[in-house]
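No lab work stands behind these numbers, since they all come straight from the coordinates. From a predicted model like this one, the values you see are computed outputs, not experimental measurements. Because the Cβ atoms are built from the backbone with ideal geometry, glycine has one as well, and the counts that use them run over all protein chains shown.
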Amino acid sequence: MGEKGAAGDNISFLLSLRAVREFRPDPVPEKVIGDILEVARLSGSASNKQPWEFVVVWDRATLRALAAVEGYAYHLKDAPLGIVPVMAGEREEQESYDEGRLCERIMLAAKAHGVGSSIGWFVGSGVAEVKELLGIPQERRVRSAISLGYPDGAARRRRGAPARKPLSEIVHEERYG
Ligand SMILES: Cc1cc2nc3c(=O)[nH]c(=O)nc-3n(C[C@H](O)[C@H](O)[C@H](O)COP(=O)(O)O)c2cc1C
């Protein structure tokens, strides 16, 4: 910690990634969205299958509708945009892992541009409703959306330190336990 130079800067950047669910209404420039999608496209995946496509949503009525389906993606309601990863729906275990990597990379690329983001999951009937709303074929897998926008400053100031377990509780040396 406190290391100077590029490594220190990069570690500080990684340490600063938080979920942002409250946004200013300012639009996110196309160039920024392009960078985010390019970082997503270049993600590694199991067997390099790249089992993903993306639906980028700006339309306010659609974002509101997505926020309202069963699940926890309510923060899409006031986000300037959302990205919904659409997974191939062929290899559940691998695609779940790939999707997690993808979402984290989208969040990091956004953060590099000062854009905040949060994952939101669709569950239960929400999944079919999202497919219907976005015209996604039934056989594809949809689980997550990522809300994106410039963080609302007041909301950011209200936040405390990230609640995380200390390393002493989660790291084992040589053997577990
Ligand atoms: C797999 C996964 C699913 C998540 N699902 C949701 C969700 O449905 N809705 C939501 O608001 N946040 C969701 N989050 C964000 C977590 O709540 C967040 O990462 C956690 O509370 C830590 O927040 P912080 O990094 O701001 O401290 C999800 C995160 C992950 C990794």
Looking across region 58-79 at residues that are among the aliphatic types (A, V, I, L, M) and surrounded by fewer than 16 Cβ atoms within 10 Å (Cβ to Cβ), the single one that is farthest from the ligand (Cβ to nearest atom) is 61
Among residues of region 149-177 being within 13 Å of the ligand (Cβ to nearest atom) and of a type outside the set (Gly, Ala, Ser), the residue nearest to the chain's Cα centre (by Cα) is 151
For region 1-36, the count of residues that are away from the ligand (no atom under 16 Å from the Cβ), closer than 13 Å to residue 111 by Cα and not in a loop (DSSP other than H, G, I, E, B) equals 5
Per the filter on region 97-131, residues within 12 Å of the ligand (Cβ to nearest atom), touching a strand residue (DSSP E or B) at 6+ places or on another chain (Cβ under 8 Å), of a type outside the set (A, V, I, L, M, F, W, C) and under 23 Å from residue 17 (Cβ atoms) are 99, 111, 116, 117, 118, 120
